[in-house]
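Data first, discussion second: the structure below is written as structure tokens.
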Amino acid sequence: MKIKHLFAAALALIIAGCGKPEAETPIIPEESDYIGTVTVIYQGAPFDNENIKVNFTPSDDAKTGSLTLHQIRFVPQMPVTIDVTIPDITLQSTTDKVVLSCERTIPLAMGGEYPRYTVTDLHGEIVGNELSFSLNFGDYPTSFKGVK
């Protein structure tokens, strides 16, 4: 008798384990602020801007987003800091990260567009509480790595 009950319990566990796997849900991008270092390659050498706040804002449909770099200087001789927004970034969510990409977009700063510093080849990702990306502002390779 005990063997029948044991066999029935084992069979029930096997059948339960053979169910359809749950569909994996992609991450839903959320607006977040990150603090980190922006590095600009200027005259062949890295120029680091530390403790820079970068705001990530996804669109309502989470298919695109923007990044705003706050109080940034792109070269050591730059007399003021500015806020720069990078619009029209494509977002792709997986179960463990959000991938950012953009081949070309015109950044916004000081109330207007800055085509001289067109953003190209933007690639990045949000994994957990970390944001990292690289791009070119015109002729200047730039990267960021930071945390929430």
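The values are calculated or read from the model by the stated rules, or taken from the named source; none is laboratory data. Source: prediction; values computed, not measured. When we count neighbours, we look across all protein chains shown, and the Cβ atoms used for this are built from the backbone with ideal geometry, even at glycine. Please note that ligands, DNA and RNA were not included when accessible areas were found on the heavy atoms of the full protein model with its side chains. Shrake-Rupley method; radii C 1.70, N 1.55, O 1.52, S 1.80 Å.
Can you name the residue in the range 84-122 that is charged (D, E, K, R) and under 16 Å from the mean Cα position of the chain (by Cα) and, of all such residues, is farthest from ASN136 (Cα to Cα)?
ASP96
Scanning the range 26-52 for residues that are outside any strand (DSSP E or B) and closer than 17 Å to THR68 by Cα, which turns out least open to solvent (accessible area, probe 1.4 Å)?
Here is the first cut: in the range 26-52, the residues outside any strand (DSSP E or B) are 26-31, 43-44.
Next, only the ones that are closer than 17 Å to THR68 by Cα stay: 29-31.
Working: PRO29: 18, GLU30: 120, GLU31: 120 Å².
Residue satisfying both the conditions and the ranking: PRO29.
So which residues in the range 95-113 are open to solvent by 20 Å² or more (accessible area, probe 1.4 Å) and touching a residue at least 24 places away in the same chain (Cβ under 8 Å), if there are any at all?
Listed by number, the residues that qualify are THR95, ASP96, LYS97, VAL99, LEU108, MET110.
Is there a residue being modelled with pLDDT under 95 and either of a type in the set (Val, Ile, Thr) or farther than 22 Å from SER134 by Cβ (or both) anywhere in the range 83-90? Write out each step before concluding.
Start the filter on the range 83-90 by keeping residues that are modelled with pLDDT under 95, which leaves none.
No - not one qualifying residue is present in the range 83-90.
With the requirement that a residue be more than 18 Å from THR81 (Cβ to Cβ), open to solvent by 70 Å² or more (accessible area, probe 1.4 Å) and out of contact with any Ser or Thr (no Cβ under 9 Å at 6 or more places or on another chain), what does the range 117-144 give you?
GLU130, ASP139
Could you please give the count of residues in the range 84-123 that are on the phi > 0 side of the Ramachandran plot and not acidic (Asp, Glu)?
Residues that pass the stated criteria total 2.
Is it the case, given these coordinates, that PRO87 is touching a Gly at 6+ places or on another chain (Cβ under 7 Å), surrounded by 13 or more Cβ atoms within 10 Å (Cβ to Cβ), closer than 22 Å to GLU113 by Cβ and of a type outside the set (Val, Ile, Thr)?
no
Filter the range 96-120 down to the residues that are more than 17 Å from GLY65 (Cβ to Cβ), touching a Leu at 6+ places or on another chain (Cβ under 8 Å) and at pLDDT 95 or above and list them by number.
THR120
Restricting to the range 85-94, name every residue that is touching a Ser or Thr at 6+ places or on another chain (Cβ under 7 Å) and touching a residue at least 40 places away in the same chain (Cβ under 8 Å).
Correct list: ILE86, LEU91.
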